[in-house]
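Student: This is the structure, below, for whatever I ask next.
The values are calculated or read from the model by the stated rules, or taken from the named source; none is laboratory data. Here the structure is a predicted model, which means the values were calculated and not measured. Heads up, the Cβs are rebuilt from the backbone with ideal geometry, glycines too, and the neighbour counts pull from every protein chain shown. SASA here: full protein model, heavy atoms, side chains in, ligands and nucleic acids out. Shrake-Rupley method; radii C 1.70, N 1.55, O 1.52, S 1.80 Å.
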Amino acid sequence: MLEELAISNLGVIEQATLELSPGLTVVTGETGAGKTMVVTALELLLGARADTSLVRAGAASAVASAIVRPVPEGAAAWVDEDADELVVSRELRAEGRSRARVGGSLAPVSALAEVLGRHVEVHAQHEHVRLARPDVQRALLDRSAGDPHARTLDRYRSTHRAWRDLVGRREEVASGARERARELDRLRSEVDEIAAAGLDADRDATLDRDLDVLANAEELQLAAAEAATALGADGAGEPLGVAVAALRRISVDDPTLAELTARASALAAEVTELAVDVRTYGEDVDADPGRLASLSERKAVIQALTRKYGADVSAVLAYEVDARQRLAELEAVESDAGDLDDRCAAARSELVQIAADVTRGRAHAAEALARTVDGHLVDLGMPHASFSVAVEPVDGELTADGGDRVTFLLAANPGEPARPLGTAASGGERSRVSLAVEVALADVDEVEVLVFDEVDAGIGGATAMAVGEKLARLATGAEGRPRQVLCVTHLAQLAAFADVHHVVEKGLRDGRTVTTTRRVADDQRVEELSRMLGGDATAEAGLEHARALLDRARQRRAG
């Protein structure tokens with residue numbers, strides 16, 4: 001809620017601060033004192049267009065600021081996490097520039113509406129109020145329709161989300177059909193090519209070595225035979241045997257001789273074994289041109305695959321795994337595509353049925369709301385006005401909120417056509433109609449601060465008392481949730497219902513008109529109301545009239 005409103009150099013107001021509280025606050029004052037500037041200041045804080053003519057003559061700039069407590073939803077980005085209040089301000093420079101601040105930081109003017117727009121609503125002659133917006137009207141009508149309608153609406157929105165998901169899926173499938181077909185063909189070809197190669201990472205790891213051996217088979221055979229001969233495989237190694245026999249003939253107990261004999265014997269045995277192994281290796285080498293050709297072909301296949309799919313056989317096999325997975329995904333999409341049309345049609349059919357239930361709920365709530373508002377309009381001095389709510393289809397379109405366009409309509413006088421609420425009446429009438437609608441929707445509208453200007457235009461007496469009573473009721477709120485209702489008025493009958501009364505007073509200082517504000521103390525209310533009623537504020541007749549007015553207001557509030 002608004003805790004404080006400060007104004008400087010705005011219109012005729014040089015400096016003014018209003019401390020605000022929950023409940024009904026009235027601002028009164030003589031004509032020309034500048035009480036409407038209070039509403040103008042709030043409009044500026046909601047992002048209204050800046051007008052340099054509002055800057056007090058001779059001042060460099062005008063400033064309107066407000067303290068909001070607690071920090072409203074949507075303002076978390078502008079304050080510290082533990083902040084318990086938010087300061088917003090708007091500065092209008094005489095030279096033409098305008099600056100907004102939220103939480104002390106410069107901000108675009110649009111941020112003011114984003115931060116305060118959901119919480120503060122101004123009903124004034126030139127203000128395009130939140131209540132005139134179709135989306136707000138629809139939401140308020142839905143809230144007034146009760147819990148069964150709310151459950152139907154929740155079911156509709158859930159079904160709408162499911163339908164939109166299916167439609168999106170179908171559009172994705174349709175829009176990507178050509179590209180998906182190309183990818184499917186490519187992946188199938190790649191998977192078939194890799195699978196046909198029958199790759200084996202372990203077996204193919206020896207391919208290069210096997211090819212090298214086969215390619216040099218004859219040379220290897222000749223080299224092995226020559227080496228075996230040189231090692232004595234055919235008796236050429238006899239010198240080592242002779243050496244061993246010679247050393248063994250000498251029977252002397254000499255450790256050195258024994259070591260040499262053992263070494264010669266071991267070397268002779270090793271050479272004999274090596275000669276046999278070399279000969280066997282040569283005999284095992286197979287000069288097979290057919291196998292050489294086969295392995296060469298396989299080498300070419302693997303090289304072709306590694307050029308396309310990976311650096312080696314393991315990488316190619318990994319690519320095949322990924323390709324098969326992607327192929328399965330695309331084939332699943334193709335499989336789904338066949339029944340998506342049927343599923344979309346079934347979902348839309350269900351959605352249309354629920355939308356019809358939503359429309360019926362809205363139509364029923366519209367009739368009830370119209371009767372209630374018309375009753376309030378009678379009390380507010382507009383007995384011939386007729387309020388209605390149009391619930392019309394939106395050309396077959398089903399949005400997330402249904403298939404209806406909801407419009408609040410007013411026929412201000414007999415014989416006149418019903419027109420949208422924002423354009424159907426004069427400023428004062430429109431404020432009273434807005435008041436009637438707000439009171440009718442008091443239990444479901446979540447706006448916290450309501451501001452009324454000109455709600456008393458052209459009325460008096462009993463009607464003024466009715467307006468005051470409804471404003472007070474609106475300020476009481478619902479379920480222990482009091483609102484702030486701020487009303488600019490010149491009628492004592494309306495001011496008598498106030499919880500807080502501020503007076504805007506005009507005077508002279510150094511030959512210049514200045515405006516100040518003061519809060520009327522409880523023990524001064526009778527005198528202030530007497531002054532508003534006309535004549536001498538301290539005359540006994542006026543005081544008695546004011547006391548009676550306050551008593552009637554208290555009784556009507558209590559009732």
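Student: Can you pull the percent of the stretch 360-467's accessible area that's carbon plus sulfur, 1.4 Å probe, other chains left in place?
Tutor: On the stretch 360-467, the fraction of accessible area on carbon and sulfur atoms equals 51 percent.
Student: So what's the net charge close to Asp379: Lys and Arg +1, Asp and Glu -1, counting the other residues with Cβ under 12 Å from its Cβ?
Tutor: Around Asp379, the surrounding residues sum to +2.
Student: How far apart, in nm, are two points set 7 Å out from the Cα along the Cα-to-Cβ line at Ala363 and at Ser349?
Tutor: 2.3 nm
Student: State the three equivalent ellipsoid semi-axes of the stretch 370-451, derived from the C-alpha gyration tensor as the square roots of 5 times its eigenvalues, in descending order and whole Å.
Tutor: 24, 17, 11
Student: Under a cut-off of 26 Å between alpha-carbon atoms, report the lysines in cross-link reach of Lys506, not counting same-chain residues fewer than 8 places apart.
Tutor: The qualifying lysines are Lys35.
Student: Something else about it: Pairing the Cα long axis of helix 427-440 with the longest principal axis of the chain, what angle in degrees results, from 0 to 90 and rounded to the nearest 10?
Tutor: 60 degrees
Student: Now a separate question. For Ser53, Ser158, Ser251, write out the residues from largest to smallest accessible area, computed with a 1.4 angstrom probe and no ligands counted. Before the final figure, lay out each step's value.
Tutor: Values: Ser53 85, Ser158 60, Ser251 115 Å².
Sorted descending by solvent-accessible area, the residues read Ser251, Ser53, Ser158.
Student: Tell me the mean residue ellipticity at 222 nm calculated for the chain from its helices only (DSSP H runs of n ≥ 4, each -39500 (n - 2.57), averaged over every residue, nearest 500).
Tutor: Details: 16 runs with 294 residues, N = 559.
After summing the helix terms and dividing by residue count, I get -18000 deg cm²/dmol.
Student: Could I ask something else about it? For the stretch 429-469, what is the accessible area per residue in Å² when the probe is 1.4 Å?
Tutor: 24 Å²
Student: Of the listed peptides 101-111, 73-83, 359-369, what is their order by residue-averaged count of other C-beta atoms within 10 Å, with the highest listed first?
Tutor: By packing density, highest mean first, the sequence is 359-369, 101-111, 73-83.
Student: Can you work out the accessible area per residue across the stretch 133-282, with the rest of the protein chains kept in place, probe 1.4 Å, in square angstrom?
Tutor: Result: 63 Å² of accessible area for each residue.
Student: Mind checking Rg over Rh on the stretch 350-411, alpha carbons, Kirkwood formula for Rh? Could you put the intermediate results ahead of the total?
Tutor: Numbers: Rg = 14.1 Å, Rh = 12.7 Å.
Dividing the radius of gyration by the Kirkwood radius yields 1.11.
Student: Sort out for me the Cα centre separation of the stretch 32-78 from the stretch 313-370, rounded to whole Å.
Tutor: The stretch 32-78 and the stretch 313-370 have Cα centres spaced 49 Å from each other.
Student: Right, something else. How many angstrom lie between the Cα centre of the stretch 240-272 and the Cα centre of the stretch 491-543?
Tutor: 138 Å
Student: What are the radius of gyration and Dmax of the chain, computed over its Cα atoms and given in Å?
Tutor: 47.9, 161
Student: With everything on Cα atoms, drop me the angle between helix 540-558 and the longest principal axis of the chain, reported from 0 to 90° to the nearest 10.
Tutor: So the helix axis and the longest Cα principal axis differ by about 40 degrees.
Student: Within straight cross-link reach of Lys308, meaning Cα distance under 16 Å, which lysines are found once same-chain residues fewer than 8 apart are removed?
Tutor: Cα-Cα hits under 16 Å: Lys299.
Student: Sticking with this one: May I ask for the net charge around Arg343, where only other residues with Cβ less than 15 Å from the Cβ of Arg343 are counted and Lys, Arg are +1 while Asp, Glu are -1?
Tutor: Every neighbour counted, the sum reads -3.
Student: Here's something else I'd like to know. Can you give me the solvent accessible area of His545 with a 1.4 Å probe, rounded to the nearest 10 Å²?
Tutor: Taking all protein chains as shown, His545 has close to 90 Å².
Student: With a 1.4 Å probe and all protein chains kept in place, how do Thr423, Thr463 rank by accessible area, largest first?
Tutor: If we order Thr423, Thr463 from most to least accessible, we get Thr423, Thr463.
Student: Equivalent-ellipsoid semi-axes (√(5λ), Cα gyration tensor) for the stretch 411-559, whole Å, largest first?
Tutor: After diagonalising the Cα gyration tensor, the semi-axes are 29, 19, 17 Å.
Student: Working only with C-alpha atoms, what are the Rg and Dmax values of the stretch 58-118, expressed in angstrom?
Tutor: Over the stretch 58-118's Cα set, Rg and Dmax evaluate to 12.3, 41 Å.
Student: Which order do you get for Thr159, Thr399 if you rank them by accessible area with a 1.4 Å probe, largest at the top?
Tutor: Result of the area sort, largest leading: Thr399, Thr159.
Student: Quickly work out the Leu330-to-Asp210 label distance, labels modelled 7 Å from Cα along the C-beta direction, and quote it in nm with one decimal.
Tutor: 3.3 nm
Student: With no solvent and one point per C-alpha, what does the Debye sum give as log10 I(q)/I(0) for the stretch 492-559 at q = 0.19 Å⁻¹?
Tutor: -0.75
Student: Restricting to the chain, compute how many DSSP beta bridges are antiparallel as a %, nearest 5.
Tutor: Percentage antiparallel, nearest 5: 70.
Student: Run the numbers on the stretch 483-525 and let me know its relative contact order in percent, using alpha-carbon pairs under 8 Å that are six or more apart.
Tutor: For the stretch 483-525, the relative contact order is 29 percent.
Student: Further question on the same structure: Would you mind counting up the charge near Val467? Only other residues with Cβ under 14 Å from its Cβ, with Lys and Arg at +1 and Asp and Glu at -1.
Tutor: 0
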